[in-house]
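Every number here is computed from the coordinates shown, using simple stated rules; none is lab data. Since the structure is predicted, the reported quantities are computational estimates derived from the model, not experimental observations. Don't worry about glycine lacking a Cβ; one is built from the backbone with ideal geometry, like all the others, and counts go over all protein chains shown.
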Amino acid sequence: TRHAFSPSSASDSCALRASGLTRTSSNTFGWMPPNRLYGQFCYTCGPDPHNEMQSVWKFFDFHNPEWERKFHEGNGRANRSTDLAVILMVSLAFALMSVYHPINNGPFLQQWPSLLAVVINVCLCCLIQWCRLAQRFGTVLVQGWIVIMAVLLMIVMWNTHGHHLDVRLQHVQMAPGPGGQGKTACVCDIGDFRRELGREISGHMVTVGLGLLSAMITIATLGRYCRSTSMIIILINVLISAYILSWPGLAAGERAELLFRSLLTCYLWPMLSCMTFTSAQRRRFVAECLQERTLQAAREADSILNHTLKNTMADAAGLLETCLESVGLTESVRTDLGLSLACLYRGMRSCRYRQVYMSLVSGTYVPVLQNVNVNMLLLDLVKGRAGGVVISCDPNLCFYLDPVLLSLILDNALSNASKHGHPTTPDIHITVVEHAVKGLVFNMTNIANPDYSPIPGTFLSNCSSGPRFRSPNAMSDGIGLQHSRLAALASSTSITLTQDGDLVTFEAFVAVVRPICRHDNSAVLPGPGVRTPEASPFPSGLVVCCIDDSAISLRTVQLALERHASCIVHVYGRNGESDVSLFIQKTLDEADIAIVDNNIDFPGKPISGLDLVRQLHAQCFAGLICVRSGNSDEADIAKYRAAGAHCSIGKEVPASEMIHSIKAAYQARFRPSLGHASGSAKVLVVDFDNFIPIHGPL
């Protein structure tokens with residue numbers, strides 16, 4: 001049912017257009033033209049595809065030139081196999097014609113069109129299959145091929161007609177009579193028989209040729225309804241009409257009948273088939289584009305919400321960290337604040353998981369191996385969880401693995417153990433051991449909930465069935481385990497979930513690589529659970545300039561660097577846009593490290609932090625440039641690197657981890673042997689080829 005509503009204001013009209021919903025008629029339930037009734041959508045289902053397509057006499061072209069280009073690109077790739085099949089089919093037909101009239105049994109003039117058609121078809125197949133230039137102009141080649149094949153087929157029929165007639169007459173004359181003698185007939189009888197037989201053979205051959213031409217044109221032009229295709233079909237019909245009119249020995253009524261057949265089989269049927277198929281293809285393409293537009297809008301809205309949530313939680317976490325460092329707090333208050341801080345970091349970790357989920361489902365996630373301290377990663381995961389978790393792991397166990405995927409798997413396992421395990425005493429234990437064959441083995445056990453049915457042996461395999469899967473627990477949809485399976489597949493990890501009595505065991509076998517000791521003590525990639533070697537203390541007296549639109553974020557960075565790194569920190573952004581020029585000037589004059597936010601949302605004039613990074617590079621700033629932002633996925637990190645940033649730090653990173661990460665990035669950029677003091681960064685050697693992305697705790 002169509003909903004009858006109208007925008008109540010100009011803003012509602014803009015919102016309606018932005019959402020892709022457009023009114024197609026002033027009278028909601030009134031009459032619509034036939035070309036608008038076909039494929040009409042209601043407001044709840046989206047816009048009418050014909051709003052995006054022009055009329056039939058304009059060949060259904062899209063109003064959007066970009067859509068038209070993408071449609072032709074995708075249509076060309078989709079039609080390639082069809083073109084090859086049609087060309088091979090026509091080649092087989094001409095080859096059979098050539099075999100039916102071998103060269104040694106007839107003049108070469110009757111055979112060369114069939115042989116030429118086979119050669120042309122084989123060459124065209126090779127071009128379409130392996131030549132990129134031919135693939136770009138596939139429609140033009142097929143249209144020209146249709147004309148050439150039509151002409152060759154007419155020549156074959158013309159030459160074969162006389163040969164068929166002579167063979168039939170010879171057969172009739174050589175046939176024995178009733179007394180065993182040859183037949184005798186007068187010249188007039190033979191002439192009349194020749195004319196009748198010629199008309200019969202002519203009608204039969206023209207009809208067969210029209211059928212073959214109709215099939216060839218119809219299949220070759222499917223999905224190619226355009227101006228050139230229409231002209232080609234009209235040209236072929238003109239040639240066929242002239243061919244029929246010039247055919248000898250046909251009566252006027254027979255010619256009219258063949259002309260009518262040619263109009264039906266070689267014009268109306270191919271044209272209607274081409275129009276219908278092309279219209280269906282274009283409407284499907286419009287539906288896909290509209291769906292992609294809706295998904296893109298949803299992704300953008302999700303990204304904005306994700307960014308806002310992470311920034312808000314990062315500011316709250318920064319305030320809590322600052323508060324925890326103050327004196328005078330009682331132990332109970334400090335414990336409660338620590339749990340609140342851990343919950344905030346778990347929320348920011350969930351925001352990051354949301355981005356990973358979408359990449360895993362779309363198949364675009366690329367694992368990134370990092371040198372991870374496994375014990376510290378587990379400590380980050382269990383912070384703030386009720387009931388406590390017992391960890392048995394070597395504190396110095398370090399491997400190269402993807403911490404994001406591993407954290408996603410273990411975090412889901414911890415959540416399942418705490419939520420669906422025993423309501424009062426889940427008794428969660430995590431044991432990590434290294435196995436020579438299985439790699440790194442994570443063994444997590446918990447006490448099962450006595451109110452739930454036991455976990456079946458095929459539980460994890462059933463999770464991979466997607467939306468049809470139903471967890472034994474009525475309050476769970478199993479989506480966490482489905483994501484765990486995707487993460488396990490992406491990281492070459494095997495996971496098992498079994499229950500023996502009241503003990504539930506989750507195991508993950510992770511393929512890892514041991515880190516190689518580096519004699520130069522250069523920093524490895526900091527990240528979740530990563531601790532780089534303390535090559536040297538953080539140089540004191542470094543000048544740091546930081547710009548951000550959040551006063552809380554500026555305060556967090558300033559206090560952390562001043563208290564724990566003995567840096568001289570200048571913060572900008574509290575006064576709005578006027579601080580930008582001051583930040584640039586101070587950074588170029590004195591700073592050793594510049595920290596910028598990616599999206600600096602000043603009132604009335606938002607500024608891109610990447611523009612500031614480019615400006616610093618353009619003015620030959622030789623210090624370390626860090627981008628501190630709530631957007632820290634791989635696509636955003638690639639943008640930071642392209643702009644010239646040396647490292648990126650997520651706002652979800654704790655203050656202590658941020659300082660350690662900046663130190664690692666600083667030592668990785670500058671040669672330690674040269675030392676550093678304030679102002680000396682202008683002469684230090686910088687390695688711009690090593691970009692260091694720094695994510696938050698997972």
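Summary of values
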quantity: Gyration tensor (alpha-carbon) shape descriptor, the stretch 545-659, a/c threshold 1.5; calculated: rounded
quantity: Förster radius 35 Å - calculated FRET efficiency between Leu369 and Val390, Cβ distance, rounded to 0.05; calculated: 0.80
quantity: Packing rank of 134-141, 219-226, where each peptide gets the mean count of other beta carbons within 10 Å, highest leading; calculated: 219-226, 134-141
quantity: Two-site label geometry, Asp302 and Leu329: point separation in nm, points 7 Å out along Cα→Cβ; calculated: 3.5
quantity: Charge context of Arg555, other residues only, Cβ under 11 angstrom, K/R +1, D/E -1; calculated: -3
quantity: Protection proxy ranking of 231-238, 147-154 - average other beta-carbon atoms within 10 Å, highest first; calculated: 147-154, 231-238
quantity: Cα shape, the stretch 199-347, gyration tensor, a/c 1.5 rule; calculated: prolate
quantity: Prolate/oblate/rounded label for the stretch 289-413 (Cα gyration tensor, a/c 1.5); calculated: oblate
